[in-house]
Amino acid sequence: MFGKGLIKGLQITWKEFWAQKLTVQYPDEQHPVPERFHGRFILDVDKCIACSLCANACPNKVITIKKQKVGKKQFMTDYIMNIQYCLFCGLCVESCNKDALHFSQDFNMNQYFYRDLPLVLVQREAPAEPVDEEAPAAKAGDDKKAKAKPKPKAKTDKPAEPAADSEVAAGKAPDKEGQ
Amino acid sequence: MLENLFVGIADWLRSLLGGLGTPGEINEAIVMLAKLVAILVFILVNALWLVYMERKVAAYMQARIGPNRVGPKGLLQTTADIGKLISKEIVIPKKADVVVFLLAPVLIFVPTLMVFAVIPFGKNMAAIDMNIGVFYLLAIASLSTLFFWMGGWASNSKYSLIGSMRVVAQMVSYELPLVLGLLGVVMIVGSLKMSDIIAAQEHTWFIFTQPIAFLIYFIAAVAETNRTPFDLVEGESEIIAGPYTEYGGMAFAMFFLAEYANIMVICAMATIMFLGGWHAPFGLDFIPSWVWFFLKMYILIFIVMQFRWTYPRIRVDQLMGFGWKVLVPLALANIFITGIGMKIYQAIGW
Amino acid sequence: MLRTQEYFLNFGPQHPSTHGVFQIILTLDGERIVKAEPVCGYLHRGIEKLAESRTYTQVIPYTDRMDYLAAMLQNLGYVQAVEKMMGIEVPERAEYLRVISGELSRLTSHVLATGVYALDIGGFTGFLLCFREREKMMDLLEELTGSRMTLSYARIGGVADDAPEGWLDKLDKLMDEMPGYIEEYNGLITGNEIFQARTKFVGQLKPETAVNYSLSGPVLRASGVNYDLRKAKPYGIYDRFDFEVPLGENGDCFDRFYCRVLEMEQSVKIIKQAIEQIKEVDGPVMAKVPKVLKPPKGEVYHEIETSKGIIGYYVVSDGSNKPYRVHVRRPSFINLGYLDEMLKGYLIADVVAILGSIDIVLGEVDC
């Protein structure tokens, strides 16, 4: 009979009218963010050896790493991500052999000014002369890091292992080839 | 006490003015003016409230909660929106016909406001109880077509043009079943006066004696106000916003509020003609008559809103076909049957 | 006789129902279409060219950005093409995860197509009710991959990560609820007489025409051509699942729409089977692949069935770590090929109905 579908539709909307509402009122309540969420990056400076694997794994050349030779060791002075170009694909995190780079669950990366957009994970001066202990340098790095990210680190260990097993094909393109 | 609240206020005003010693005619004019202003304020506030209601109804049917930030439960949301829209610039397209373009949103409210003068909101609560009330209402209400057309034509945009052509086609062709649907009721009552029509429904509402007429009227009325499933005029997925495409700011808001005022008109009309106006059902007289009137009206408005949030839009040729091939013949048949029925009743001698 | 005149109407690129930035230049006689000229390219980003300067793995995130509604299926097509070229065996568990996430992607895409089609026809509630379920699926995808839409989940040789604890049970529960939701869509959208009046016998497509124009996906199957790559040339492990290929009869807008609704039911069926079967499969989710991928010289063409149709990846290798050329046969783009002929003689309202029923994604059309 003509009109059956019309009445069925009214029944459904009437039922929905009384059904539970699903709105999450954002600033007051938050939708749960899963563990694997691709949010703001966190760099564990102590673990990082500035090998540039992540920078090479990135499809969009988001990561800029600056190194300086201090004594025999390479000392990382800058680790800056041009986050406005980031695809959040996770290839850099997967490529990290030392498990130093992570995603956090923080998705709020808005900035008022364009110049503030790049995510500065490390920016520090290289120590003037080689030091035997890493301690002062690492400490300085920690300070800077805390300055760059006001939010405390959510968690450092990666949830799932297989990707970190570095079986991954990601990255490690030869350095010479037009990077 | 509550029953005669508004009538009492009018009487009080009249006696107050009587005490001042001014001539009686002037007093009557002042009372009339006060009534009209009251209705005007009522309509505008109601239009705001209806926008809020529509948003809430829509949200609740879509598993959302709707506006709830501005004011208690979001009640001031529309007020805030209007405040924002007033502050916005009205952009006038370069090649628009400026005078007509600006005149259309100003005039769009006029027919709606004029119509409300004859609507009885409760017992003895019509501003003017005209003896051609129904006729006046239909004649004035159909004027709004003109202003939609003005807005669409003056915008000088193709989408607006298509939209306003649709307005004219749709409103003209649905005016006919609308009037023919009401004719059945008018035939039974034998009067065009609203109070007579309501008085005739004291025992039986006309929705029971004229169900087909009600159906025809309601469908045609939904089409008259350009509501889904007949909202081809706006048809946002086809022609952006039809005649209002080029309007912004308060000019747009006027069209928008007029739509809700129009819904109020058609639902009030349906209440008067078919649902017994302000008569209380089941002898529940202790609730004031005007509360009943508004209750019935808002139930109808809710149904119109539920239509909008349930049904998709029909196509322009289907719209015309439905109007001329289904509704008009059905309405004519209804008039014919009503006429025969009346004759039979008279013959039996009821 | 009045002198009448045809006029042009720019339907898009900024129009609410072209599903993005698609333009159709319509020549109209009143509301009837005399001529339609589709214009695409407003969202062109040169993904094929970008792929040439990326390593094989780095191309994966770019494939997401083509059909961002079913990103996993785009990933899968590319990844399988490279695997075919290099002869990599994918671990069993990874294959199952690919099927599960792929079908979930297909579901999100079809749910969106259903809802958006309701919106195109004018029913707003159907749209948001479809989004309600889509959100639930996207939450699950987010839990699995970390992203909601651009998943980048497939890797050459497997998938990025194993399913988290309890994820499969959650998915199973949602899939149990899905038939109820689909019934709701059918009640609200499919069964509605106005909807049927708008879509039935509109934009009919003959099976021969559909084959001749190389159309694919639900657009082809709605015309009654039984060609689903998952059945016709099973890739991955699709031969292990029991499902049907829904077909239409008239090849009109309604059939194209309804095919998708029926396909949702089949996807649910596949996911449920896959969940059953994956429980018995354990092991790694990545094959042993070298860190630097250098496929042998040569070329490969691989095609899979996405939610929009057949997506084909043509990858040419010159032996280096970067593809020499990646070409994508994008189903949305090819399905649009017959649009101008299809629109002729219909009304403006039907343009929306026909375009919506093809279910295009502009990211894929313009690539």
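Among C:Thr114, A:Thr64, rank each residue by its count of other Cβ atoms within 10 Å, from fewest to most, as a rough exposure measure. Mind showing how you got there, number by number?
Working: C:Thr114 27, A:Thr64 12.
Arranged by neighbour count, lowest to highest, C:Thr114, A:Thr64 become A:Thr64, C:Thr114.
Residues of segment B:130-165 with backbone nitrogen within less than 16 Å of a virtual label 7 Å along the Cα-to-Cβ line of B:Val91, please, listed as ranges.
It comes to B:155-160, nothing else.
In segment B:155-199, which residues have a backbone nitrogen under 18 Å from the label point lying 7 Å from B:Gln346's Cα in the Cα-to-Cβ direction?
Output list for this probe position: B:183-192.
Among C:Arg148, C:Arg260, rank each residue by its count of other Cβ atoms within 10 Å, from fewest to most, as a rough exposure measure.
Working: C:Arg148 16, C:Arg260 26.
Ordered by Cβ neighbours within 10 Å, fewest first: C:Arg148, C:Arg260.
Return P(r) of segment B:1-61 (all Cα-Cα pairs; 10 Å bins starting at 0; whole %; ordered from short to long distances).
Answer for segment B:1-61: a P(r) of 20, 32, 24, 15, 8, 2 percent.
Mind listing which trypsin sites (Lys or Arg not before Pro) in segment A:1-35 are in a DSSP loop and have 16 or fewer other Cβ atoms within 10 Å?
Values: sites: A:Lys4, A:Lys8, A:Lys15, A:Lys21; in loops: A:Lys21.
Within segment A:1-35, the qualifying trypsin sites (Lys or Arg not before Pro) (loop, at most 16 other Cβ atoms within 10 Å) are A:Lys21.
Determine the alpha carbon to alpha carbon distance for each of A:Lys15/C:Lys136; A:Lys8/B:Lys193; A:Lys21/B:Lys84; B:Lys84/C:Lys344; B:Lys95/C:Lys49; A:Lys61/B:Lys84 and list only those over 32 Å.
Check vs 32 Å cut-off fails for A:Lys8/B:Lys193; B:Lys84/C:Lys344; B:Lys95/C:Lys49; A:Lys61/B:Lys84.
Can you pull the one-decimal nm distance between simple spin-label points at B:Lys73 and A:Ala19, each 7 Å off the Cα toward Cβ?
Simple spin-label model gives 2.3 nm for this pair.
Of all the C-alpha pairs in segment C:1-119, what % are more than 18 Å from each other?
Details: 4753 of 7021 pairs.
Percent of Cα pairs beyond 18 Å in segment C:1-119: 68.
Just tell me which aspartates and glutamates come within less than 13 Å, Cα to Cα, of C:Lys272; anything on the same chain fewer than 8 places away is out.
C:Glu103, C:Asp169, C:Asp172, C:Asp176, C:Glu177, C:Asp242
Starting from the Kirkwood Rh over alpha-carbon pairs, what translational D in µm² s⁻¹ does the protein assembly as shown have by Stokes-Einstein at 20 °C and 1.002 mPa s? Each step should come with its number before you reach the end.
On the way: Rh = 31.4 Å.
It diffuses with D of about 68 µm²/s by this estimate.
Which entries of C:Lys170/C:Lys231; A:Lys98/C:Lys291; B:Lys56/C:Lys173; C:Lys35/C:Lys200; A:Lys73/A:Lys98; C:Lys200/C:Lys231 show an alpha-carbon separation above 24 angstrom in the structure shown? Numbers along the way, then the final one.
Numbers: C:Lys170/C:Lys231 28 Å; A:Lys98/C:Lys291 16 Å; B:Lys56/C:Lys173 31 Å; C:Lys35/C:Lys200 22 Å; A:Lys73/A:Lys98 17 Å; C:Lys200/C:Lys231 28 Å.
From the list (C:Lys170/C:Lys231; A:Lys98/C:Lys291; B:Lys56/C:Lys173; C:Lys35/C:Lys200; A:Lys73/A:Lys98; C:Lys200/C:Lys231), the Cα-Cα distance tops 24 Å for C:Lys170/C:Lys231; B:Lys56/C:Lys173; C:Lys200/C:Lys231.
How large is log10 I(q)/I(0) at q = 0.15, 0.22, 0.26, 0.28 Å⁻¹ when the Debye formula is applied to the Cα atoms of segment C:191-243, each weighted equally and without solvent?
-0.58, -0.84, -0.95, -1.02
In sequence order, what are the phi-derived ³J(HN,Hα) couplings for segment A:111-117 according to the Karplus relation 6.51 cos²θ - 1.76 cosθ + 1.60 with θ = phi - 60°, rounded to whole Hz, with x for glycine and proline?
10, 6, 10, 4, 5, 8, 4
How large is the charge dipole for chain B, taken about the Cα centre, if only the Cβ atoms of Lys, Arg (+1) and Asp, Glu (-1) carry charge, to the nearest 20 debye?
On the way: 22 positive and 21 negative charges, 156 e Å.
So the dipole magnitude of chain B works out to roughly 740 debye.
Can you list, bin by bin at 10 Å, the percent of alpha carbon pairs in segment B:95-348, starting at 0?
7, 30, 34, 20, 7, 1, 0
Would you mind computing, in nm to one decimal, how far apart the modelled labels at C:Lys297 and B:Leu16 are, each placed 7 Å from Cα along Cα→Cβ?
10.1 nm
Looking at segment B:155-249, I'd like the Rg to Rh ratio, where Rg is from alpha-carbon atoms and Rh is Kirkwood's inverse mean 1/r. Please report the intermediate quantities before stating the final value.
Details: Rg = 17.5 Å, Rh = 15.1 Å.
Ratio of gyration radius to Kirkwood radius for segment B:155-249: 1.16.
Would any residue of segment B:109-135 have its amide N under 12 Å from a label point 7 Å out along Cα→Cβ of B:Leu40? List them or say none.
B:110, B:113-114
Go from 0 up to the bin containing the longest alpha carbon distance in segment A:41-124, width 5 Å each, and give me the % of pairs per bin.
Going out from 0 Å in 5 Å bins, segment A:41-124 shows 3, 14, 26, 26, 18, 8, 3, 1, 0 percent.
Quickly work out the C:Ser214-to-C:Tyr42 label distance, labels modelled 7 Å from Cα along the C-beta direction, and quote it in nm with one decimal.
Taking the two extended label points, one gets 2.6 nm.
Report the longest stretch of chain B that contains none of the GluC sites (Glu not before Pro) sitting in a DSSP loop with at most 14 other Cβ atoms within 10 Å. Present the calculation step by step, with values, prior to reporting the outcome.
Working: sites that count: B:Glu89, B:Glu202.
Maximal segment without exposed cleavage sites: B:203-350.
Could you give the C-alpha radius of gyration of segment B:41-109 expressed as a fraction of 2.2 N^0.38 Å, taking N as the number of residues it contains? Walk me through the numbers on the way to the answer.
On the way: Rg = 15.6 Å, N = 69, 2.2 N^0.38 = 11.0 Å.
Compared with the compact-globule rule of thumb, segment B:41-109 sits at 1.42.
Let me know the whole percent of all Cα-Cα pairs from segment C:7-366 that are separated by more than 29 Å. Walk me through the intermediate numbers first.
Working: 25054 of 64620 pairs.
Distances greater than 29 Å cover 39 percent of the Cα pairs.
Read-outs: derived from the displayed coordinates by stated rules, not from any lab. Computed from a prediction, not measured in an experiment: that's the story for all the values here. Ideal geometry is used to build each Cβ from the backbone, glycine not excepted, and the neighbour counts take in all protein chains shown.
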